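The values are calculated or read from the model by the stated rules, or taken from the named source; none is laboratory data. Owing to the predicted nature of the structure, the values given are computational and were not obtained by experimental measurement. Ideal geometry is used to build each Cβ from the backbone, glycine not excepted, and the neighbour counts take in all protein chains shown. Keep in mind that these areas ignore ligands, DNA and RNA; they rest on the heavy atoms of the full protein, side chains included. Shrake-Rupley method; radii C 1.70, N 1.55, O 1.52, S 1.80 Å.
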Amino acid sequence: MKQKDKIRRFSIYRISEHLICMILTTLLLITGFVQKFYTLDISMWLIKYFGGIDNVVLIHMYFGVSLICLFIIHILYNFVGILYFNMEVSMMITKEDFDNFIKDLKYFIRVTNKRAENDRYTYRQKFEYWGIFISILLLIFSGIILCFPITLTNYLPGIIIPIAKTVHYNQAIILFIIIVSHIYNAIFNPDAIPLDTSIFTGYLSKKRYIKEHFKEYKRKFED
C-alpha cells in the first residue's frame, strides 16, 4: 500500500504504551493464575522453571510495580496533553456512544441498512478501554493491600484482606475476558478483517479510516 493511502492514527508513544501494557498484563495474568491454580501441571512446571513459588510471587510483584508506573504515566500524559497541548478528549463515553450502539443493533437485526458513524473511537473501543482502566485500578489497590497485609491491618479492619483477595482474583478474570474480547474485535471480528495493525504500525488505510472513523476523517481532512 502506498504511503499516500495511509493515515497516521497513533503516535510512537501510543504504540509503545500499548505494547508495554500488553506485555505486562499478559505476564501478570500468567504469574497470578499460576499462584491461584498451583496444582495444575502447567502451573507446577512454571513454578519449577522460575525457581519456586516465592520467585513467582516476587516476579508478579515486580510486574505489578511496573504496571503501576505505566498507569501513572498514562494518566499524567493524558492530563498534561489535554490541559496544555489541546489533546482531544476522545475516550470519554457520551450519549452518542449509546445511540451508536442502538444504531448498530438495528443494523444487525436488519431493521435498518445503515451502521453508526464513528469518531476517533467506537463505542466498543471506549467500553473496552474503561473496562480495562477500572479493572487495572482495582487490581492495583487490591494488590497493594495484599502486599502489605500486616501493616495495613494496623490501621484497617482485618476483613480488608479477604475482600482484597476476592477483588484481585475476580478483577483478573474480568480483565482476561475484556482482553479476549479486545483481541477478537481487533483480529477475528468480520469488521476487522484484514487484521487491524494500526496500533502496531501507527497507520490505517484511508479506505478503512473513512469506513470505521468517518466523523473523525470528515472533521480532520474535509472541514
Original post:
Within region 97-140, restricting attention to residues that are in contact (Cβ under 8 Å) with a residue 24 or more places away in the chain and over 19 Å from A186 (Cβ atoms), which residue is surrounded by the fewest Cβ atoms within 10 Å (Cβ to Cβ)?
Top reply: F98
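Of everything in region 146-166, what is under 18 Å from T31 (Cβ atoms) and open to solvent by less than 70 Å² (accessible area, probe 1.4 Å)? Give them in sequence order.
Residues of region 146-166 that are under 18 Å from T31 (Cβ atoms), as a first pass: 146-147, 164-165.
Those that are under 18 Å from T31 (Cβ atoms) and open to solvent by less than 70 Å² (accessible area, probe 1.4 Å): L146, C147, A164.
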Original post:
Which residue pairs have Cβ atoms under 9 Å apart, sit 6 or more places apart or on different chains, and have a first residue in region 158-187 that is more than 11 Å from I132 (Cα to Cα) and a second that is outside any helix (DSSP H, G or I) and of a type in the set (D, E, K, R)?
Top reply: N185/D196; A186/D196; I187/D196
Subject >> The listed residue being of a type in the set (D, E, K, R) and touching a helix residue (DSSP H, G or I) at 6+ places or on another chain (Cβ under 6 Å), out of D104, D97 >> reply: D97
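Test of understanding: among V65, V57, which residue is closer than 22 Å to L138 by Cβ, in contact with a helix residue (DSSP H, G or I) (Cβ under 7 Å, 6 or more places away or on another chain) and in a helix (DSSP H, G or I)?
V57
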